[in-house]
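K.L.:
Before anything else, here's the structure in question.
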Amino acid sequence: MVVIGLGTAGCKIAKAFSKFPQYESYGIDTTKEADVTIKERQNHEEYDKHFPSLKRKFKFTNTEVLVAVCGSGQVSGGILRLLHQLKGNKVSVLYIQPDLALVSETQKIQERIVRNVLQEYARSGLIEMVYLMDNLQVERGIGEVSILGYYDVLNQAIVNTFHMLNVFRNTEPVMGNFIKPSPLSRIATIGILEVDEGKEKWFYDLTEPRDVVYYYGINEEQLTEDGTLFGKITAYVKGKLLPGVDVSYGVFKTTYDQKYCYCIKYSSMVQSYKELLDD
């Protein structure tokens, strides 16, 4: 998979992915540290109008591509131009929502526009999927985070979870009942389930889900000796069943001592509809 970060936050996400050998990562920003340095512009609209051609840099086709971006940043104004240049690939977007209480009114407008447009792109099939992340939700999920390295810790939590889900989705489970998500469910988020406590920690408050999938990682000893495990897992999954929502799971053998579970929630609804109604 190729990971492309756009803007400061996106570049940090792309860099975090680069520690895994399965990813080829690039960062696009106005700084010299970026893999691809673009000219600094005055505002969001200028990045959209003057986003440069990067086709010489990104020559791959029919490749799985993940674009990471935060909509409140100025450079995110070029996101649609970047997506257009990536046509011919299987492109998804990892979208980072900042703490909106701490950004300017202009940034709030920019963020809402980018988030909404990307979801509409996913719904219409112009991109494969948009994965929504909320920094506040991520922080709540991982607990107390020190000031130094704050965003690095949040980014690593997102990247590690996304990576493990990719690993599981490309591995044969020892047991499961995976239900393929509806082709209309192109808006998603990811999360972690604390198996013993039964506590779910989602990285975005996704409303009106249509599909929820749990990926359990269990070591071989527990898979062999714990006769209660299957009943506990299926009971938990059944407890999540709701009208109109497909819930499925898979169990994978791991070498880790502790059992863990990563999860994905899918929706077909643009997540700003409630926001617009509240206005």
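What follows is calculated from the coordinates using simple rules that are stated; it is not laboratory data. Since the model is a prediction, treat every value here as computed from it, not as a measurement. Note that we place each Cβ from the backbone using ideal geometry, even for glycine, and neighbour counts take in every protein chain shown.
K.L.:
Under the rule of at least 5 residues apart or a separate chain, name every residue whose amide H is placed under 5 Å from the amide H of Val93.
P.N.:
Those qualifying (amide H under 5 Å, at least 5 residues apart or on another chain) are Val67, Met129, Val130, Tyr131.
K.L.:
Sticking with this one: Which one of Phe51, Tyr151, Ser72 has its Cα pushed farthest toward the positive end of the charge dipole of the chain, where Lys and Arg give +1 and Asp and Glu give -1 at the Cβ?
P.N.:
It is Phe51.
K.L.:
Between (1) -0.50, -0.76, -1.07; (2) -0.25, -0.60, -1.07; (3) -0.26, -0.65, -1.17, which matches log10 I(q)/I(0) by the Debye sum over Cα atoms at q = 0.07, 0.11, 0.15 Å⁻¹ calculated for the structure shown?
P.N.:
Matching the structure shown: (3).
K.L.:
Follow-up. At most 15 other Cβ atoms within 10 Å and a DSSP loop assignment: could you name the GluC sites (Glu not before Pro) in region 175-216 that fit?
P.N.:
Glu197
K.L.:
Hey, another quick one. Can you give me the Cα centroid spacing of region 21-75 and region 162-228 in angstrom?
P.N.:
Value for the Cα centre distance between the two parts: 31 Å.
K.L.:
I need Ile96, Ile218, Ile142 ordered by Cβ neighbour count within 10 Å, fewest first.
P.N.:
Starting with the residue having the fewest Cβ neighbours, the order is Ile142, Ile218, Ile96.
K.L.:
Treating only the Cβ atoms of Lys and Arg (+1) and Asp and Glu (-1) as charged, compute the dipole magnitude of the chain about its Cα centre; round to the nearest 20 debye.
P.N.:
1080
K.L.:
Right, another one. Taking Lys49 as the anchor, which lysines have their alpha carbon closer than 17 Å to its alpha carbon, excluding any fewer than eight residues away along the same chain?
P.N.:
Lys39
K.L.:
Using the Karplus curve 6.51 cos²θ - 1.76 cosθ + 1.60 with θ = phi - 60°, work out ³J(HN,Hα) for each residue of region 64-72 in order, rounded to whole Hz, and write x for Gly and Pro.
P.N.:
Once θ is set to phi - 60°, the couplings for region 64-72 become 6, 10, 10, 9, 9, 7, 10, x, 7 Hz.
K.L.:
Here's something else I'd like to know. Quick query: amide H of Val174 versus all other amide H atoms, modeled in the peptide plane; which residues come in under 5 Å with a sequence gap of 5 or more or a different chain?
P.N.:
Val251, Phe252, Lys253
K.L.:
Moving to a separate point now. Can you flag which of Lys15/Lys108; Lys59/Lys90; Lys199/Lys232 are past 20 Å Cα-Cα?
P.N.:
Distance filter (> 20 Å) returns Lys15/Lys108.
K.L.:
FRET efficiency for Ala235 and Lys180, Cβ-Cβ distance as r, R0 = 30 Å, nearest 0.05?
P.N.:
Rounded to the nearest 0.05, the efficiency is 0.80.
K.L.:
Just want to confirm a number: the relative contact order over region 180-267, from Cα pairs under 8 angstrom separated by 6+ residues, in percent.
P.N.:
49
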